[in-house]
Amino acid sequence: MSFTSAQGQAKAVRLLSGLLSRGRLPPALLLAGPEGVGKALLAHDFAKALLCPAGQPAEPCGLCPDCQAVDRRLHPDVKAVNQGYQTALNEGEASRGATLRVDTILHLRRDMELQPLRGRWKVAVIEDAHTLELESSNALLKALEEPPPRTLWILTSAQRERLPGTVRSRCALIPCSPLPSQLVAEILSRAGVPAERARRLAALSEGSASRALRLAQDPGVPESMIETPLAPLNAADALPREAPLARERAEQALYALSQDVRLRHLDGELSFSRAERPLRRLERLRRCLRSNADPRTVLLLACLEAQGLRQR
Ligand SMILES: [Zn+2]
């Protein structure tokens, strides 16, 4: 038995189960791996295992009020720190960008200093921790340097290299892997995608269930970036101002553009010789993006590349 229903993360589950059964926790964990592989689910299931008064140390019962409250993301001692949390703090006013701001982290810190209301622990799950603004990272670092007793801080990130080294060094690293393509296909099928299409999209998903689902639901994304002569410029201009967010959106767009080329190749619309070079260029642009190239320039070049392929 395991503490979690998350699939495809045997190594991470083993590491986390080990921590639970030894009963000695580091003050902070960093669940790092590609987007859409179940990191937030693992984090919350881990919190459930800590808080469940009924089950074995590494096996929450899943039925008691604590377990159910964590499953519904309503447990008073488990904070899911994400855009929804930030928006709720601002009385429903959506934030200007999707970064985590310093006032949000200061609020979280004050909250974590209070005694647990129900359980023995207080847990903060900071999702997409790479979206912390610099000041927010510094505020978090203060908490990680001297964590209040009986608090656990779990960070999840698909871009852990973007977290300050000082924050990373305070966290025990739990690496999460891309999901096997068979599992992604099953997840798509469960979401109602026909089996053959699920299998094909899964093969292109790079092991990310959320990417595969996005592709299944929104295959038209690349079209809007290349349909008119000015579309690439507009797509680049539409990127958010905040650098981490702009980079994330550009990365998603580049992925979608590459997948569009791959799908058209699989459909027989593009020969291998026509698909190969643009794919290599798009891959090079993705690497540039990861090593800090300007997201707008990268996205513009990528859209022009894809547009050229349509016109040729
Ligand atoms: Zn329970």
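Data for the structure
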read-out	value
Matching entry among ALA250, ALA238, ALA256, ALA243 (being over 24 Å from GLU196 (Cα atoms), at pLDDT below 85 and of a type in the set (Gly, Ala, Ser))	ALA243
Filtered residues of the stretch 149-192 (kept if modelled with pLDDT under 95, over 20 Å from the mean Cα position of the chain (by Cα) and over 23 Å from GLN7 (Cα atoms))	PRO149, ARG150
Test for GLU91: is it of a type in the set (Asp, Glu), away from the ligand (no atom under 16 Å from the Cβ) and either farther than 17 Å from LEU155 by Cα or without any contact (Cβ under 8 Å) to a residue 40 or more places away in the chain (or both)	yes
Lone qualifier among GLY84, GLY8 - being at positive phi and of a type in the set (Gly, Ala, Ser)	GLY8
Whichever residue in the stretch 120-148 is among the β-branched types (Val, Ile, Thr) and under 26 Å from GLY23 (Cβ atoms) and, among such residues, is farthest from the chain's Cα centre (by Cα)	VAL123
Residues satisfying the stated conditions in the stretch 182-198, i.e. exposed (fewer than 15 other Cβ atoms within 10 Å of the Cβ) and among the aliphatic types (A, V, I, L, M)	ALA191, ALA195
Residue check for ALA80: more than 10 Å from the ligand (Cβ to nearest atom) and part of a helix (DSSP H, G or I)	no
Test: ALA124 is over 26 Å from PRO244 (Cβ atoms) and either buried (at least 18 other Cβ atoms within 10 Å of the Cβ) or in contact with a Leu (Cβ under 9 Å, 6 or more places away or on another chain) (or both)	no
Identity of the residue in the stretch 51-71, in contact with a Phe, Trp or Tyr (Cβ under 8 Å, 6 or more places away or on another chain) and closer than 26 Å to PRO178 by Cα, that ends up surrounded by the most Cβ atoms within 10 Å (Cβ to Cβ)	PRO60
Selection within the stretch 45-74 - away from the ligand (no atom under 11 Å from the Cβ) and within 20 Å of LEU114 (Cβ to Cβ)	ALA47, ARG73, LEU74
Unique residue being more than 30 Å from ARG211 (Cβ to Cβ), in contact with a Leu (Cβ under 6 Å, 6 or more places away or on another chain) and of a type outside the set (A, V, I, L, M) when the list is THR166, THR156	THR166
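Okay, residues lined up against (1) in a loop (DSSP other than H, G, I, E, B); (2) outside the structural domain of TRP121 (by TED's automatic domain parsing); (3) in contact (Cβ under 8 Å) with a residue 12 or more places away in the chain:
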position	(1), (2), (3)
LEU16	no, no, yes
PRO26	yes, no, yes
LEU41	no, no, yes
ALA49	no, no, yes
GLN68	no, no, no
HIS75	yes, no, yes
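Here's the yes/no breakdown for (1) part of a helix (DSSP H, G or I); (2) outside the structural domain of ARG109 (by TED's automatic domain parsing):
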{"position": "LEU155", "(1), (2)": "no, no"}
{"position": "ARG170", "(1), (2)": "no, no"}
{"position": "GLY192", "(1), (2)": "no, yes"}
{"position": "ARG199", "(1), (2)": "yes, yes"}
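The values are calculated or read from the model by the stated rules, or taken from the named source; none is laboratory data. Because the structure is predicted, anything quoted here is derived from the model rather than measured. FYI the Cβ positions are ideal-geometry reconstructions off the backbone, even for glycines, and counts take in every protein chain you see.
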